[in-house]
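The values are calculated or read from the model by the stated rules, or taken from the named source; none is laboratory data. None of the values given here were measured: they were computed from a predicted structure. Note that each Cβ is placed from the backbone with ideal geometry, even for glycine, and that neighbours are counted across all protein chains shown.
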Amino acid sequence: MSGTQADRPGLAALMAQARERDTLVLYSLDRLGRSLVHMVTTIDELIRRGVALRSLTDTIDTTPPRPAVSSSTCSWRWPNTNGH
């Protein structure tokens, strides 16, 4: 079978270096595999290892949601400098 991970040294290096809490940002999901099965297998492995995945052109973003910031968490009390 052609197009294995061994034939793609860049992908093999990426998989070796990807660590939990990393985020992999790529242009398109098709960069992860030369076949649908290989692409899905690679995505599954990354997610199981705790690597978030974000594609710029496909509708996929496995990064954790950012917490909403409310006005109460951003309010500041300025000191009264006029003596009152």
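Tabulated data for the structure shown
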item: Segment 21-56, residues that are surrounded by 13 or more Cβ atoms within 10 Å (Cβ to Cβ), small (Gly, Ala, Ser) and out of contact with any Gly (no Cβ under 8 Å at 6 or more places or on another chain); result: Ala52, Ser55
item: Residue in segment 52-71 that is part of a helix (DSSP H, G or I), among the hydroxyl-bearing types (Ser, Thr, Tyr) and at pLDDT below 90 present; result: yes
